[in-house]
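For reference, the structure discussed in these notes is given below.
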Amino acid sequence: MDGASSPDLAAAAALLASEARAAMMLAALDGLAWTATELAEVAGVSRPSASEHLHQLVDAGFLAEVRQGRHRYVRIEDPAVAETVEALAALSGDLRPAGASLRAQRADRELREARTCYRHLAGRLGVALCVGLREHGYVDGGWGLTEPGRDWFHSLGITLPDAGRRPLLRPCLDWTERREHLAGVAADALLETMRAKHRIEPGASRRAVRLTETGRTELAHLIFSSARPDSPAEQSTSAPQAQKAVV
(Lines give C-alpha, C1' and ligand atoms only; values in the text may rest on other atoms or scores of the structure.)
Protein backbone atom coordinates (compact mmCIF):
# COMPACT_ATOMS: atom_id res chain seq x y z
CA MET A 1 0.00 0.00 0.00
CA ASP A 2 1.22 3.54 -0.71
CA GLY A 3 -0.27 4.96 2.48
CA ALA A 4 -3.06 6.86 0.73
CA SER A 5 -6.52 6.83 2.26
CA SER A 6 -8.91 4.10 1.12
CA PRO A 7 -12.36 2.83 2.02
CA ASP A 8 -12.54 0.14 4.70
CA LEU A 9 -13.99 -2.48 2.40
CA ALA A 10 -13.10 -5.32 4.75
CA ALA A 11 -15.18 -3.82 7.56
CA ALA A 12 -18.22 -3.44 5.32
CA ALA A 13 -17.82 -6.97 3.98
CA ALA A 14 -17.46 -8.36 7.50
CA LEU A 15 -20.98 -7.17 8.32
CA LEU A 16 -22.42 -9.50 5.69
CA ALA A 17 -20.08 -12.36 6.59
CA SER A 18 -22.46 -13.23 9.43
CA GLU A 19 -25.16 -15.74 8.41
CA ALA A 20 -27.69 -13.96 10.61
CA ARG A 21 -26.98 -10.45 9.30
CA ALA A 22 -26.90 -11.69 5.70
CA ALA A 23 -30.32 -13.32 6.16
CA MET A 24 -31.70 -10.09 7.62
CA MET A 25 -30.41 -8.00 4.72
CA LEU A 26 -31.83 -10.41 2.17
CA ALA A 27 -35.21 -10.30 3.88
CA ALA A 28 -35.12 -6.50 3.94
CA LEU A 29 -34.82 -6.43 0.16
CA ASP A 30 -38.62 -6.37 0.09
CA GLY A 31 -38.30 -2.66 0.93
CA LEU A 32 -40.72 -2.95 3.85
CA ALA A 33 -40.20 -2.23 7.53
CA TRP A 34 -39.37 -5.18 9.80
CA THR A 35 -39.39 -5.61 13.56
CA ALA A 36 -36.49 -7.18 15.41
CA THR A 37 -38.72 -10.10 16.36
CA GLU A 38 -39.60 -10.79 12.73
CA LEU A 39 -35.97 -10.65 11.64
CA ALA A 40 -34.92 -12.86 14.54
CA GLU A 41 -37.27 -15.52 13.18
CA VAL A 42 -35.94 -15.08 9.64
CA ALA A 43 -32.33 -15.38 10.80
CA GLY A 44 -32.98 -18.19 13.27
CA VAL A 45 -31.49 -16.33 16.25
CA SER A 46 -32.80 -15.13 19.60
CA ARG A 47 -34.44 -11.74 19.99
CA PRO A 48 -31.49 -10.29 22.00
CA SER A 49 -29.03 -11.60 19.41
CA ALA A 50 -31.10 -10.09 16.59
CA SER A 51 -31.08 -6.71 18.34
CA GLU A 52 -27.28 -6.78 18.49
CA HIS A 53 -27.00 -7.67 14.81
CA LEU A 54 -29.43 -4.92 13.87
CA HIS A 55 -27.53 -2.40 15.96
CA GLN A 56 -24.43 -3.10 13.87
CA LEU A 57 -26.32 -2.88 10.57
CA VAL A 58 -27.97 0.41 11.55
CA ASP A 59 -24.69 1.91 12.76
CA ALA A 60 -23.06 1.02 9.44
CA GLY A 61 -25.89 2.58 7.45
CA PHE A 62 -27.03 -0.70 5.91
CA LEU A 63 -30.42 -0.36 7.57
CA ALA A 64 -32.34 2.68 8.81
CA GLU A 65 -34.36 2.76 12.00
CA VAL A 66 -37.99 3.87 11.88
CA ARG A 67 -39.94 4.56 15.06
CA GLN A 68 -43.70 4.70 15.33
CA GLY A 69 -44.84 5.34 18.88
CA ARG A 70 -43.27 2.67 21.06
CA HIS A 71 -42.54 0.43 18.10
CA ARG A 72 -39.16 0.22 16.35
CA TYR A 73 -38.70 -0.98 12.81
CA VAL A 74 -35.79 -1.22 10.40
CA ARG A 75 -35.66 -1.15 6.62
CA ILE A 76 -33.35 -0.43 3.69
CA GLU A 77 -33.69 3.22 2.71
CA ASP A 78 -30.64 3.71 0.46
CA PRO A 79 -31.07 2.13 -3.01
CA ALA A 80 -27.26 1.77 -3.18
CA VAL A 81 -27.41 -0.64 -0.24
CA ALA A 82 -30.07 -2.75 -1.96
CA GLU A 83 -28.08 -2.77 -5.19
CA THR A 84 -24.98 -3.93 -3.31
CA VAL A 85 -26.83 -6.78 -1.60
CA GLU A 86 -28.41 -7.78 -4.93
CA ALA A 87 -25.02 -7.83 -6.64
CA LEU A 88 -23.42 -9.93 -3.90
CA ALA A 89 -26.34 -12.35 -3.98
CA ALA A 90 -25.91 -12.81 -7.73
CA LEU A 91 -22.22 -13.67 -7.14
CA SER A 92 -22.96 -16.16 -4.40
CA GLY A 93 -23.36 -19.21 -6.63
CA ASP A 94 -25.88 -21.95 -5.87
CA LEU A 95 -28.92 -21.17 -3.77
CA ARG A 96 -29.74 -23.17 -0.68
CA PRO A 97 -32.41 -25.86 -1.03
CA ALA A 98 -35.91 -24.95 0.00
CA GLY A 99 -37.48 -26.67 2.99
CA ALA A 100 -39.24 -29.98 2.44
CA SER A 101 -42.59 -28.86 3.85
CA LEU A 102 -45.49 -28.11 1.50
CA ARG A 103 -45.61 -24.58 2.85
CA ALA A 104 -41.94 -23.99 2.06
CA GLN A 105 -42.26 -25.49 -1.42
CA ARG A 106 -45.31 -23.37 -2.18
CA ALA A 107 -43.58 -20.20 -0.99
CA ASP A 108 -40.54 -21.08 -3.09
CA ARG A 109 -42.63 -21.59 -6.23
CA GLU A 110 -44.41 -18.27 -5.68
CA LEU A 111 -41.16 -16.38 -5.19
CA ARG A 112 -39.66 -17.89 -8.31
CA GLU A 113 -42.72 -16.94 -10.33
CA ALA A 114 -42.94 -13.28 -9.29
CA ARG A 115 -41.54 -11.29 -6.38
CA THR A 116 -40.28 -7.88 -5.43
CA CYS A 117 -36.55 -7.25 -5.40
CA TYR A 118 -36.38 -4.10 -3.27
CA ARG A 119 -38.43 -1.66 -5.39
CA HIS A 120 -38.70 -3.55 -8.68
CA LEU A 121 -40.09 -6.81 -10.06
CA ALA A 122 -38.09 -10.02 -10.14
CA GLY A 123 -38.56 -13.73 -10.77
CA ARG A 124 -39.97 -15.14 -14.01
CA LEU A 125 -42.35 -12.21 -14.34
CA GLY A 126 -39.57 -9.64 -13.99
CA VAL A 127 -37.35 -11.46 -16.48
CA ALA A 128 -40.18 -11.95 -19.00
CA LEU A 129 -41.08 -8.26 -18.76
CA CYS A 130 -37.45 -7.31 -19.35
CA VAL A 131 -37.25 -9.56 -22.43
CA GLY A 132 -40.54 -8.22 -23.76
CA LEU A 133 -39.54 -4.58 -23.38
CA ARG A 134 -36.30 -5.23 -25.25
CA GLU A 135 -37.99 -7.23 -28.01
CA HIS A 136 -40.48 -4.43 -28.60
CA GLY A 137 -37.70 -1.83 -28.84
CA TYR A 138 -38.64 -0.07 -25.61
CA VAL A 139 -35.19 -0.78 -24.13
CA ASP A 140 -32.09 -0.65 -26.31
CA GLY A 141 -28.96 -2.80 -26.31
CA GLY A 142 -27.23 -0.51 -23.84
CA TRP A 143 -30.12 -0.72 -21.37
CA GLY A 144 -31.31 2.75 -22.28
CA LEU A 145 -34.97 3.69 -22.52
CA THR A 146 -35.96 4.52 -26.10
CA GLU A 147 -38.56 7.09 -27.16
CA PRO A 148 -41.15 4.35 -27.80
CA GLY A 149 -40.25 3.07 -24.34
CA ARG A 150 -40.94 6.47 -22.78
CA ASP A 151 -44.25 6.54 -24.63
CA TRP A 152 -45.14 3.12 -23.21
CA PHE A 153 -44.37 4.24 -19.66
CA HIS A 154 -46.36 7.44 -20.29
CA SER A 155 -49.32 5.33 -21.42
CA LEU A 156 -49.31 3.78 -17.95
CA GLY A 157 -49.39 7.22 -16.34
CA ILE A 158 -45.68 7.20 -15.49
CA THR A 159 -43.73 10.42 -16.09
CA LEU A 160 -39.99 9.84 -15.98
CA PRO A 161 -37.23 12.42 -15.38
CA ASP A 162 -34.75 13.23 -18.13
CA ALA A 163 -31.72 12.60 -15.89
CA GLY A 164 -30.78 12.00 -12.29
CA ARG A 165 -28.27 10.38 -9.96
CA ARG A 166 -29.74 6.93 -10.52
CA PRO A 167 -30.15 5.46 -14.01
CA LEU A 168 -33.63 5.10 -15.45
CA LEU A 169 -32.91 1.46 -16.18
CA ARG A 170 -30.12 -0.95 -15.40
CA PRO A 171 -29.83 -4.75 -15.60
CA CYS A 172 -30.11 -6.70 -12.37
CA LEU A 173 -29.17 -10.38 -12.49
CA ASP A 174 -32.07 -12.44 -11.18
CA TRP A 175 -30.97 -14.87 -8.46
CA THR A 176 -33.32 -17.65 -9.50
CA GLU A 177 -33.57 -17.20 -13.26
CA ARG A 178 -29.89 -16.30 -13.77
CA ARG A 179 -31.02 -13.78 -16.37
CA GLU A 180 -31.52 -10.03 -16.15
CA HIS A 181 -34.59 -8.26 -14.90
CA LEU A 182 -34.86 -4.47 -14.84
CA ALA A 183 -33.94 -2.16 -11.98
CA GLY A 184 -33.60 1.62 -11.80
CA VAL A 185 -35.93 4.59 -11.52
CA ALA A 186 -38.27 3.46 -14.31
CA ALA A 187 -38.49 -0.10 -12.96
CA ASP A 188 -39.27 1.26 -9.48
CA ALA A 189 -42.02 3.48 -10.88
CA LEU A 190 -43.47 0.56 -12.83
CA LEU A 191 -43.81 -1.60 -9.71
CA GLU A 192 -45.34 1.28 -7.75
CA THR A 193 -47.86 1.96 -10.53
CA MET A 194 -48.77 -1.71 -10.94
CA ARG A 195 -49.49 -1.89 -7.22
CA ALA A 196 -51.50 1.34 -7.17
CA LYS A 197 -53.60 0.32 -10.19
CA HIS A 198 -54.07 -3.26 -8.92
CA ARG A 199 -52.20 -4.85 -11.81
CA ILE A 200 -50.42 -7.02 -9.26
CA GLU A 201 -51.47 -8.24 -5.84
CA PRO A 202 -49.64 -9.75 -2.86
CA GLY A 203 -48.92 -13.46 -2.86
CA ALA A 204 -49.05 -15.78 0.12
CA SER A 205 -45.46 -15.10 1.21
CA ARG A 206 -44.04 -11.72 2.11
CA ARG A 207 -42.22 -10.81 -1.12
CA ALA A 208 -44.35 -12.79 -3.56
CA VAL A 209 -46.71 -11.01 -5.97
CA ARG A 210 -48.98 -12.18 -8.76
CA LEU A 211 -50.62 -10.56 -11.73
CA THR A 212 -54.30 -9.73 -11.50
CA GLU A 213 -56.52 -10.53 -14.46
CA THR A 214 -56.30 -6.91 -15.57
CA GLY A 215 -52.53 -7.00 -15.26
CA ARG A 216 -52.29 -10.19 -17.30
CA THR A 217 -54.44 -8.67 -20.04
CA GLU A 218 -52.49 -5.41 -20.23
CA LEU A 219 -49.05 -7.04 -20.26
CA ALA A 220 -49.92 -10.08 -22.40
CA HIS A 221 -48.26 -8.66 -25.53
CA LEU A 222 -44.99 -8.27 -23.59
CA ILE A 223 -44.72 -11.33 -21.38
CA PHE A 224 -46.85 -14.13 -22.81
CA SER A 225 -44.96 -14.76 -26.02
CA SER A 226 -45.04 -18.33 -27.28
CA ALA A 227 -41.47 -17.74 -28.45
CA ARG A 228 -40.37 -17.75 -24.81
CA PRO A 229 -41.15 -21.08 -23.11
CA ASP A 230 -39.95 -19.63 -19.79
CA SER A 231 -42.66 -16.95 -19.71
CA PRO A 232 -44.90 -16.83 -16.63
CA ALA A 233 -47.88 -18.13 -18.58
CA GLU A 234 -45.99 -21.20 -19.75
CA GLN A 235 -44.43 -21.86 -16.39
CA SER A 236 -47.78 -21.82 -14.63
CA THR A 237 -48.94 -24.81 -16.66
CA SER A 238 -45.73 -26.83 -16.59
CA ALA A 239 -45.01 -29.69 -14.21
CA PRO A 240 -43.35 -28.66 -10.93
CA GLN A 241 -39.62 -29.12 -10.77
CA ALA A 242 -37.26 -29.48 -7.82
CA GLN A 243 -36.94 -26.09 -6.21
CA LYS A 244 -34.15 -24.20 -4.57
CA ALA A 245 -34.63 -21.56 -1.94
CA VAL A 246 -35.17 -17.97 -2.93
CA VAL A 247 -33.85 -15.23 -0.70
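The values are calculated or read from the model by the stated rules, or taken from the named source; none is laboratory data. Here the structure is a predicted model, which is why all the values come from computation and not from measurement. Note that we place each Cβ from the backbone using ideal geometry, even for glycine, and neighbour counts take in every protein chain shown. Keep in mind that these areas ignore ligands, DNA and RNA; they rest on the heavy atoms of the full protein, side chains included. Shrake-Rupley method; radii C 1.70, N 1.55, O 1.52, S 1.80 Å.
Below are the figures for this structure:
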| quantity | calculated |
| --- | --- |
| Size-normalised alpha-carbon gyration radius of region 101-208, reference 2.2 N^0.38 Å | 1.09 |
| Pairwise FRET efficiency - Leu160 versus Arg206, Cβ, R0 = 41 Å, nearest 0.05 | 0.90 |
| Heavy-atom accessible area per residue - region 113-206, 1.4 Å, Å² | 45 Å² |
| Along principal axes, Cα extents of the chain, largest first, whole Å | 50, 49, 43 |
| Choice from Ala163, Ala87, Ala187 showing the highest fluctuation, given a GNM over the chain with Cα pairs closer than 10 Å | Ala163 |
| Span from the region 101-128 Cα centroid across to the region 30-47 one, whole angstrom | 19 Å |
| Candidates Leu111, Leu102, Leu54, ranked by Gaussian network fluctuation over the chain, Cα under 10 Å, top entry | Leu102 |
| Listed residues Val139, His71, Ala60: farthest to the positive end of the dipole of the chain (Cβ charges) | His71 |
| Phi-based couplings in Hz for region 27-44 (Karplus 6.51, -1.76, 1.60; Gly and Pro marked x) | 5, 6, 5, 6, x, 9, 8, 10, 8, 5, 5, 5, 6, 4, 5, 4, 7, x |
| Environment charge of Glu213, counting only residues whose C-beta is closer than 12 Å and scoring Lys/Arg +1, Asp/Glu -1 | +1 |
| Within the chain: Cβ-based charge dipole about Cα centre, in debye rounded to nearest 20 (Lys, Arg +1; Asp, Glu -1) | 740 debye |
| Simple spin-label estimate for Ala14 and Lys197 in nanometres, 7 Å along Cα-Cβ | 4.9 nm |
| Whole-number accessible area per residue in Å² for region 1-49, which is evaluated in the context of all protein chains at 1.4 Å | 57 Å² |
| Residue-count net charge about Leu57 - beta-carbon cut-off 14 Å; Lys, Arg +1, Asp, Glu -1 | -3 |
| Global size of region 40-91 as Cα Rg and Dmax, reported in angstrom | 12.3, 39 |
| Per principal axis, descending, Cα span of region 10-51 in whole Å | 28, 23, 13 |
| Candidates Ala128, Ala13, Ala204: whichever shows maximal mean-square fluctuation once the chain is modelled as a Gaussian network with Cα springs under 10 Å | Ala13 |
| Along principal axes, Cα extents of region 17-138, largest first, whole Å | 49, 35, 29 |
| Heavy-atom accessible surface of region 1-124: percent carbon and sulfur, 1.4 Å | 55 percent |
| 0 to 90° range, to nearest 10: angle between helix 79-90 axis and the chain longest Cα axis | 80 degrees |
